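Below is one structure, written out as C-alpha cells, with a few remarks after it.
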Amino acid sequence: MEADGAAASFPLAKWRSDFSRAFQYYLDKSTPHTIGRWIGTVGVAAIYSLRVYFVQGFYIVTYGLGIYLLNLLIGFLSPLVDPEIEVSDGPALPTRGSDEFRPFVRRLPEFKFWYSITKAFCVAFVMTFFSVFDVPVFWPILLCYWVVLFFLTMKRQIVHMIKYKYVPFNIGKQVRSVEIL
C-alpha cells in the first residue's frame, strides 16, 4: 500500500519540482529588469483595484493588504543595522561627520520588496473570490485609520532618517568636485 502512495505522489513531486525550478529561472531572469517588474506589479495592483471596485466589497482584505504594504515600505526604508538598537562591526550608518562613507544597506532589498508586494496583491486577488473574506465593514473608517497610521509611521521614519542622517535612495552617482589650482 505504501508503495502505491509513494508512486502516486512521485509525479506530483516531480511536477512541483519542475514548476519550482522554472519559476525560479524566470524570477532570476527578471532581476535586472527593475522598471519592467514594477510596471507588472502596477498592472497587478490595477487589476486587484478594479476587482474590488466592481465587486464593491472585500474592504477588510484591502485594509490588511495596505497594512502589509506599509510594513514592507518601512522595511525598505530602514537600514539593515538600526543605530538606535544595536552596534555592529559590519556596515553601519556613519553617525559623525568624520566617519567614513558607508553605503546604505536596506533591511529589505528592492527585489524582495517587489516580490513581496506582487505576491501580496496576487494573494489578495485570490481572496476576493471567496465570500468568507467579504466581511461587511464601513470602509471610510478603515481608510481614515490607515491614512492616519501611514502618516504617523512615515513621520517617525523621517525623524529617524534625519536623526541618523541617512537617505535610503540613490539619486544618481555621487560626484566629488575637485578644484584644480
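The values are calculated or read from the model by the stated rules, or taken from the named source; none is laboratory data. Keep in mind the model is a prediction, meaning the values are calculated, not measured. So basically every Cβ, Gly included, is an ideal-geometry build from the backbone, and we count neighbours across all protein chains shown. Keep in mind that these areas ignore ligands, DNA and RNA; they rest on the heavy atoms of the full protein, side chains included. Shrake-Rupley method; radii C 1.70, N 1.55, O 1.52, S 1.80 Å.
To keep it simple, each residue is scored yes or no on (1) under 28 Å from residue 34 (Cα atoms); (2) over 16 Å from the mean Cα position of the chain (by Cα); (3) aliphatic (A, V, I, L, M); (4) at pLDDT 95 or above.
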site	(1), (2), (3), (4)
106	yes, no, no, no
109	yes, no, no, no
118	yes, no, no, yes
123	yes, no, yes, yes
126	yes, yes, yes, yes
134	no, yes, no, no
140	no, yes, no, no
144	no, yes, no, yes
152	no, yes, yes, yes
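When the range 129-169 is filtered for residues that are among the charged types (D, E, K, R) and within 18 Å of residue 61 (Cβ to Cβ), only 134 remains. If residue 89 satisfies every condition in (1) at pLDDT 85 or above; (2) open to solvent by 90 Å² or more (accessible area, probe 1.4 Å) but one, which is the exception? Exception for residue 89: condition (1). In the set (1) more than 26 Å from residue 110 (Cβ to Cβ); (2) open to solvent by less than 60 Å² (accessible area, probe 1.4 Å), residue 18 fails one condition alone, (2).
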